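Shown next, in structure tokens, is the structure this report addresses.
The values are calculated or read from the model by the stated rules, or taken from the named source; none is laboratory data. If you're wondering where the values come from, they're calculated on a predicted model, not measured in any experiment. Here the Cβ is made from the backbone with ideal geometry for all residues, glycine too, and neighbour counts use every protein chain on show. Heads up: the accessible areas ignore ligands, DNA and RNA and are worked out on the full protein's heavy atoms, side chains in. Shrake-Rupley method; radii C 1.70, N 1.55, O 1.52, S 1.80 Å.
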Amino acid sequence: MHLNPYGQDAVCLMADLANLPPGSLDELVERCLEAGLVVDMPTDEKDLTRTLDLIEGWTEIVDAVDDRRRAQLVNRLLATATAHPRLTDHGGSGWHLHYRDNGLPLGEVLQALVAVGTALHLTGRGMSRLGRCAREGCDRVYVDVSRGGAQRYCSPRCSNRDAVRCHRARRS
């Protein structure tokens, strides 16, 4: 059985890239590989530019104030990034679906992965499952994959810091 690479993994990769944008094409490729993406497509400097633009557009989805606006932004991203689904067995990873044409460069592949992944994540887990850290002074993006859908912080560290701050404020 092959797990669908378009859900949580693509969205978590995008959050990682949004929180620390890649500074070079080599860094982008390395981080994609570390996230489990098979990079068997052409790459060039345009991919870095396209990815940085994708990050900017994707963070608009994260920052959307209501579900309807978030859906509009996801639909806009889907319209620019997808093709009809097709079966593939590239990289010997097993048969699975791709929502993009073959032979696309890395930047366009990321756009398709993130568009479909974000749509699947939000419709499968809930439209509020993306956000910014609730700790004052932290604006990192998080992808809520918690069981109950109550994540508010980008990391346990920020959650703990905020709890300590609240505790100290109550005691004084």
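Here are some notes:
- Single unsatisfied condition, L106 versus (1) surrounded by 18 or more Cβ atoms within 10 Å (Cβ to Cβ); (2) farther than 18 Å from A15 by Cα; (3) out of contact with any Pro (no Cβ under 7 Å at 6 or more places or on another chain): (2)
- Residues of region 53-73 satisfying the condition of being within 16 Å of G107 (Cα to Cα) and either of a type in the set (D, E, K, R) or in a loop (DSSP other than H, G, I, E, B) (or both): D53, E56
- Among the residues of region 78-103, the ones that are among the aromatic types (F, W, Y) and farther than 19 Å from C12 by Cα come to 1 in all.
- Selected residue (only one of R76, R50, R100 is more than 27 Å from A150 (Cβ to Cβ), part of a loop (DSSP other than H, G, I, E, B) and among the basic types (K, R)): R100
- Options V38, V29: the member that is in contact with a helix residue (DSSP H, G or I) (Cβ under 8 Å, 6 or more places away or on another chain) and in a helix (DSSP H, G or I): V29
- For region 24-46, the tally of residues that are without any contact (Cβ under 8 Å) to a residue 24 or more places away in the chain and either over 25 Å from V74 (Cα atoms) or open to solvent by 50 Å² or more (accessible area, probe 1.4 Å) (or both) stands at 7.
- Of residues in region 143-164 being over 13 Å from C133 (Cβ atoms) and in contact (Cβ under 8 Å) with a residue 12 or more places away in the chain, the one least open to solvent (accessible area, probe 1.4 Å): G149
- Within region 138-172, the set of residues being within 23 Å of L17 (Cα to Cα), among the hydrophobic types (A, V, I, L, M, F, W, C) and part of a helix (DSSP H, G or I) comprises C158 only.
- Residues within region 47-101 that are closer than 20 Å to P21 by Cβ and either charged (D, E, K, R) or in contact with an Asp or Glu (Cβ under 6 Å, 6 or more places away or on another chain) (or both), tallied: 7
- Residues in region 47-86 that are exposed (fewer than 13 other Cβ atoms within 10 Å of the Cβ), free of Cβ contacts under 8 Å to residues at least 60 places away in the same chain and within 21 Å of C133 (Cα to Cα): E56, V65, D66.
- Of all residues in region 115-129 being touching a Phe, Trp or Tyr at 6+ places or on another chain (Cβ under 6 Å) and open to solvent by less than 50 Å² (accessible area, probe 1.4 Å), the one that is nearest to D144 (Cα to Cα): G117
- Given (1) in contact (Cβ under 8 Å) with a residue 24 or more places away in the chain; (2) under 21 Å from V62 (Cβ atoms); (3) assigned to a loop (DSSP other than H, G, I, E, B); (4) open to solvent by less than 50 Å² (accessible area, probe 1.4 Å), number of the condition R135 does not satisfy: (4)
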